[in-house]
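The structure under discussion appears below in the form of structure tokens.
The values are calculated or read from the model by the stated rules, or taken from the named source; none is laboratory data. Nothing here was measured: the structure is a model prediction, and the numbers come from that model. As a convention, Cβ positions derive from the backbone with ideal geometry for all residues, glycine included, and neighbour counts pool all protein chains shown.
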Amino acid sequence: MLAVLERHADINQYAFSVPKYAPDGSIRAEGKTQVVVFGAHRPGYYGSWKMHGARLQEVTSYTYLGLDLHWTLGMHKYSPRCSDGSTRNPFTDHVVKKLKKNEKVVHTLRRMQLGSGGFKTSTATQILRTMYDSSVNFGAEIWNAAAKSSWNICETAHAEAECRILGVSRLTNRSAVRAELGLLSQKGVRDAQSLGFLLRILKQDEARLSAQVYRFLLTDSIGAGFTANWARSCAPKILAAYGLETPPAVTPPKAWRKIVLAAIYKKEEEALCLECASSSKLSDYGALHSKIAAPAYLEARVPWHLESGRRLKTQLRLGTNMLQVEQGRHMGMPRHLRICPTCHDGVEDSFHFTMRCASLEPIRQQFFQMIDEIVKLEDCFGWAQMDLRARWEFILGDGVISGYYGWEQWCRIEHKVYSFLIKVKWHRLNQLMR
Ligand SMILES: [Zn+2]
């Protein structure tokens with residue numbers, strides 16, 4: 001909580017009004033609670049500070065949501081004369097700090113061996129969300145995030161962490177990676193926070209400082225563009241982008257958050273559908289991915305020795321992989337010339353690789369026999385009747401949610417799929433080395 005007070009004595013009044021905002025007494029003046037005195041007098045001029053009987057430390061500057069509040073009210077920290085001679089501005093400084101935080105998170109993820117079976121992928125996603133998202137995007141509305149393109153650096157760093165979790169190349173299509181993890185884009189997350197902030201201000205009583213600033217901005221004649229005025233131009237543009245109206249102040253925050261998230265998910269899903277339809281790289285993903293949420297196969301725990309098979313399945317789904325259809329793309333080859341290097345019969349795409357390639361036939365037959373064995377007594381998914389196309393869709397598909405009909409059988413099949421993919425990958429590689 002940040003309080004801006006006018007007189008020395010006001011701190012006592014503030015101390016009394018705090019319980020109004022936390023009736024359970026959860027706010028205490030300790031640790032991080034500090035005082036900055038803005039103005040002409042040097043720090044220490046007014047003597048000591050106390051709140052609820054606890055002594056508060058007076059400091060020359062306090063960083064709130066990444067913004068440095070210096071006692072001189074100047075951009076002291078960011079002047080060209082700062083120690084390293086740079087001319088940073090506060091926002092760049094904030095972004096640099098967040099990037100460092102991201103490096104730490106990625107390092108932790110690596111130490112936890114999230115990419116190699118240490119945790120389920122969905123657990124890794126939760127860890128990323130908790131450790132990174134909350135910190136990086138916290139205060140986005142204060143920075144008027146929608147208007148700042150430098151935030152894109154954070155976007156890239158986050159996308160790399162997402163790729164690491166899935167065990168796919170950093171060149172993989174970002175929208176597809178996010179869809180695979182069931183995540184919103186970082187911009188979506190920030191927009192959701194901005195819209196949540198809007199309702200919070202609308203709910204505040206008129207005496208609160210942020211409510212006063214908001215009302216002032218609504219009538220302020222300065223600043224007409226996207227960047228200049230949060231209340232009058234930026235917030236309405238975010239609302240319009242998702243087809244939403246300004247919420248009435250009586251809207252319950254939880255209900256508003258639900259509405260906002262639904263609108264943002266819908267918009268991002270539509271964008272992904274358009275991309276799948278227009279990009280040949282994502283055409284497989286369009287056919288294999290059916291829901292907005294993260295696919296069920298990433299929810300299931302995978303034994304460590306099969307994790308590389310799971311990663312390969314993800315790479316095949318997302319279209320960035322070692323197959324000729326993708327490698328030829330980088331060389332600028334027309335699609336019909338990206339021929340399978342082992343059997344030389346047709347374009348080597350994920351369907352050819354898993355279902356058609358003649359050089360992998362013996363391993364495939366073995367794999368089919370194992371599945372036939374699993375479904376012999378009860379064929380929950382109609383495997384026996386599936387043609388090759390349907391089998392391709394089934395083995396590279398989203399999977400079955402835990403507890404649903406046939407889940408146990410699907411798990412057994414899925415493990416065979418992973419071990420099949422590992423085998424064909426190595427067999428293909430051995431043939432190419434010959
Ligand atoms: Zn082939």
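Answer yes or no: is there a residue in the range 188-205 that is in a loop (DSSP other than H, G, I, E, B) and in contact with a helix residue (DSSP H, G or I) (Cβ under 9 Å, 6 or more places away or on another chain). Within the range 188-205, one or more residues are in a loop (DSSP other than H, G, I, E, B) and in contact with a helix residue (DSSP H, G or I) (Cβ under 9 Å, 6 or more places away or on another chain).
For PRO247, the conditions (1) over 24 Å from the mean Cα position of the chain (by Cα); (2) surrounded by fewer than 18 Cβ atoms within 10 Å (Cβ to Cβ) all hold with the exception of (2).
Which one of LEU377, LEU360, LEU396, LEU388 is under 21 Å from GLN315 (Cβ atoms) and surrounded by fewer than 14 Cβ atoms within 10 Å (Cβ to Cβ)?
Details: LEU377 fails: under 21 Å from GLN315 (Cβ atoms); LEU360 fails: surrounded by fewer than 14 Cβ atoms within 10 Å (Cβ to Cβ); LEU396 fails: surrounded by fewer than 14 Cβ atoms within 10 Å (Cβ to Cβ).
Residue meeting the stated conditions: LEU388.
At pLDDT below 90, over 30 Å from LEU312 (Cα atoms) and either assigned to a loop (DSSP other than H, G, I, E, B) or out of contact with any Ser or Thr (no Cβ under 6 Å at 6 or more places or on another chain) (or both): is that true of GLY225 in this structure? So GLY225 passes the test. With respect to the conditions (1) more than 16 Å from the ligand (Cβ to nearest atom); (2) among the hydrophobic types (A, V, I, L, M, F, W, C); (3) at pLDDT 90 or above, CYS343 falls short on a single one, namely (1). Within the range 171-189, is there a residue that is exposed (fewer than 15 other Cβ atoms within 10 Å of the Cβ) and modelled with pLDDT of 85 or more? Scanning the range 171-189 turns up at least one residue that is exposed (fewer than 15 other Cβ atoms within 10 Å of the Cβ) and modelled with pLDDT of 85 or more. Restricting the range 346-369 to residues that are under 36 Å from the mean Cα position of the chain (by Cα) and acidic (Asp, Glu), the residue that is farthest from the ligand (Cβ to nearest atom) is ASP349.
Among the residues in the range 379-394, are any within 16 Å of the ligand (Cβ to nearest atom) and either in a helix (DSSP H, G or I) or modelled with pLDDT of 95 or more (or both)?
Checked the range 379-394: at least one residue is within 16 Å of the ligand (Cβ to nearest atom) and either in a helix (DSSP H, G or I) or modelled with pLDDT of 95 or more (or both).
Taken over the range 189-218, the criterion of being touching a Lys or Arg at 6+ places or on another chain (Cβ under 8 Å) and within 22 Å of ALA255 (Cβ to Cβ) is satisfied by ALA192, GLY196.
What tally of residues in the range 305-332 results from selecting those that are within 16 Å of the ligand (Cβ to nearest atom) and either without any contact (Cβ under 8 Å) to a residue 40 or more places away in the chain or under 20 Å from CYS276 (Cβ atoms) (or both)? Don't jump to the end; show me each part of the working.
Step one: list which residues in the range 305-332 are within 16 Å of the ligand (Cβ to nearest atom), which gives 316, 321-328.
Checking the rest, the ones that are also either without any contact (Cβ under 8 Å) to a residue 40 or more places away in the chain or under 20 Å from CYS276 (Cβ atoms) (or both) come to 316, 321, 323-328.
Matching residues across the range 305-332 total 8.
Among the residues in the range 401-415, are any in a helix (DSSP H, G or I), away from the ligand (no atom under 16 Å from the Cβ), of a type in the set (A, V, I, L, M) and crowded, with 16+ Cβ neighbours inside 10 Å? Reasoning before the result, please.
Residues of the range 401-415 that are in a helix (DSSP H, G or I), as a first pass: 407-415.
Those left that are additionally away from the ligand (no atom under 16 Å from the Cβ): 407-415.
Restricting the remaining residues to those that are of a type in the set (A, V, I, L, M) gives 413.
Still in the running and crowded, with 16+ Cβ neighbours inside 10 Å: 413.
Scanning the range 401-415, I find at least one residue that is in a helix (DSSP H, G or I), away from the ligand (no atom under 16 Å from the Cβ), of a type in the set (A, V, I, L, M) and crowded, with 16+ Cβ neighbours inside 10 Å, so the answer is yes.
Restricting attention to the range 332-368, the residues that are β-branched (Val, Ile, Thr), in a helix (DSSP H, G or I) and under 22 Å from TYR285 (Cα atoms) total 1. Taken together, ALA300, ALA271, ALA277 contain a single residue that is farther than 30 Å from SER194 by Cα and part of a helix (DSSP H, G or I), which is ALA277.
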